[in-house]
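The values are calculated or read from the model by the stated rules, or taken from the named source; none is laboratory data. The structure displayed is predicted, hence computed values, not measured ones. Don't worry about glycine lacking a Cβ; one is built from the backbone with ideal geometry, like all the others, and counts go over all protein chains shown.
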Amino acid sequence: MNAFAIDANLAGFEKDVINASKQTPVLIDFWAEWCGPCKQVGPILEKLAAEYNGAFLLAKVDVDKEQQLAAYFQIKSIPTMVLMKDGKIVDLIPGALSESQLKEFLSHYQIVPAADAVPEAETAEAAPPDPHQDVIRLRHAVLEAPADDTLKLELALALVATHAYPEALEMFDALPANLSMDERVGKARARIDLAQQAADAPAVEVLEAALAADPDDIEARRLLALQYLVHGKTEQGLEHLLVMLREHRSYQDGLPKKLLIEAFNTIDDEDLVRGYRRKMATLLN
C-alpha cells in the first residue's frame with residue numbers, strides 16, 4: 001500500500017476514518033481475502049489513491065477481521081465501497097467497478113488528482129505545504145510506528161496548523177517530558193490560547209466594518225487583532241495591538257501589552273518579533 005491507503009480497524013476508525021474525512025474524502029473498501037472481485041478492484045483503488053496524491057484517502061476494511069464495522073455499515077456483499085466526506089456517508093457502491101468507472105465516481109464528488117509540485121525551475125518560490133496533507137501523512141506514519149513520540153509531536157503540530165486544537169492539546173499532554181518542553185510546543189500552545197480567545201469573535205469583515213465606523217471601539221480592535229493573528233495575518237494583528245497599547249495602555253490592567261507578549265510567543269519570524277518588540281518598548285518608554 002501507499003501513503004494514502006490504510007488498513008482501518010474498529011479501534012482507530014473514528015480518528016483514522018471519520019475525523020479524517022472532515023479534512024479529506026475517505027473511500028472505504030470493504031473486502032475479504034477469499035473474494036475474487038475484491039482482489040481485482042483492490043489494486044486499482046490503491047493505484048488511484050497514489051495517483052490522486054492525497055485528494056482522497058483509501059481505507060481498507062477486511063470484513064472477516066472487522067465484522068462490527070461491516071455490520072455498522074450494513075454491508076451485504078463485497079466488494080462494497082463507501083465514500084465519506086465531512087464525517088458523513090455520502091455514497092455507497094456495491095460491486096466491483098472498472099478504473100474508468102471509479103474515476104467517474106470520484107469526479108462526480110469533485111475529487112480530482114492533486115496537482116504535482118511545480119518544478120523549481122518554473123517558480124521562484126515553492127508553494128507552501130498543505131497542513132491537511134501533512135496530517136494525513138503523519139497519521140499514517142504514527143500508525144506504522146506507534147512508539148515514535150517524535151512523529152506524534154509532528155502530528156500534533158500539524159493538527160494545530162489545521163485548527164484541530166482539542167486533539168492537538170490531547171497529544172501535547174501525552175508527550176514525554178523531553179518533547180513536551182520543545183520550543184515548538186510552547187509556540188503552538190500560545191497559538192491555541194489566542195485562537196480560543198477569538199473563538200466567539202465575529203467574522204473579520206464584521207470587525208473591520210465596526211472599526212471603520214468607530215476607530216475607538218477597542219473590543220472590535222482586540223478581536224480583529226486576534227483574528228488576524230489566528231489566520232496568519234501576523235503584521236496586521238501586531239499593528240492593531242500596537243494601536244491598543246498606544247491609545248489604551250491601561251485597558252483591562254494592561255491587556256494590550258500582555259497580548260503583544262503572548263503574540264510574540266506564537267511567531268516564528270524572529271526578525272519580525274524583534275522589530276515589534278522595539279516598537280513596543282518605544283511606546284512604553
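Residues of region 12-34 that are of a type in the set (Gly, Ala, Ser), farther than 13 Å from Met81 by Cα and not in a helix (DSSP H, G or I): Gly12 alone. Quick check: is even one residue across region 29-44 more than 23 Å from Glu167 (Cβ to Cβ), touching a strand residue (DSSP E or B) at 6+ places or on another chain (Cβ under 6 Å), of a type in the set (Asp, Glu) and surrounded by 20 or more Cβ atoms within 10 Å (Cβ to Cβ)? Yes: one or more hits.
Quick check on region 33-42. Is at least one of its residues assigned by TED's automatic domain parsing to the domain that holds Glu104, among the basic types (Lys, Arg) and free of Cβ contacts under 8 Å to residues at least 24 places away in the same chain? Looking through region 33-42, at least one residue is assigned by TED's automatic domain parsing to the domain that holds Glu104, among the basic types (Lys, Arg) and free of Cβ contacts under 8 Å to residues at least 24 places away in the same chain.
Tell me, which helices (runs of 4 or more DSSP H) wholly within region 155-206 include 1 or more residues that are surrounded by 15 or more Cβ atoms within 10 Å (Cβ to Cβ) and either among the β-branched types (Val, Ile, Thr) or at positive phi (or both)? Step through it out loud before you land on a result.
On the way: elements: 165-174, 177-180, 183-197.
Result: 183-197.
Looking only at residues of region 229-285 that are part of a helix (DSSP H, G or I) and of a type in the set (Asp, Glu), we find that the one that is surrounded by the most Cβ atoms within 10 Å (Cβ to Cβ) is Glu262.
Beta carbons closer than 8 Å, at least 6 apart along the sequence or on distinct chains, pair a first residue in region 1-27 that is under 16 Å from Thr162 (Cα atoms) with a second that is among the charged types (D, E, K, R) and in a loop (DSSP other than H, G, I, E, B) for Ser21/Asp86; Lys22/Asp86.
Might you let me know whether region 78-97 holds any residue that is over 26 Å from Ala158 (Cβ atoms), part of a loop (DSSP other than H, G, I, E, B), modelled with pLDDT of 90 or more and not assigned by TED's automatic domain parsing to the domain that holds Leu159? So far as region 78-97 goes, yes, one or more of its residues are over 26 Å from Ala158 (Cβ atoms), part of a loop (DSSP other than H, G, I, E, B), modelled with pLDDT of 90 or more and not assigned by TED's automatic domain parsing to the domain that holds Leu159.
Which one of these is closer than 11 Å to Ala5 by Cα and hydrophobic (A, V, I, L, M, F, W, C): Ala50, Ala32?
Ala50
Set side by side, the residues Leu92, Leu106 differ, and just one is in contact (Cβ under 8 Å) with a residue 24 or more places away in the chain and either out of contact with any Cys (no Cβ under 6 Å at 6 or more places or on another chain) or under 13 Å from Ile28 (Cβ atoms) (or both), which is Leu106.
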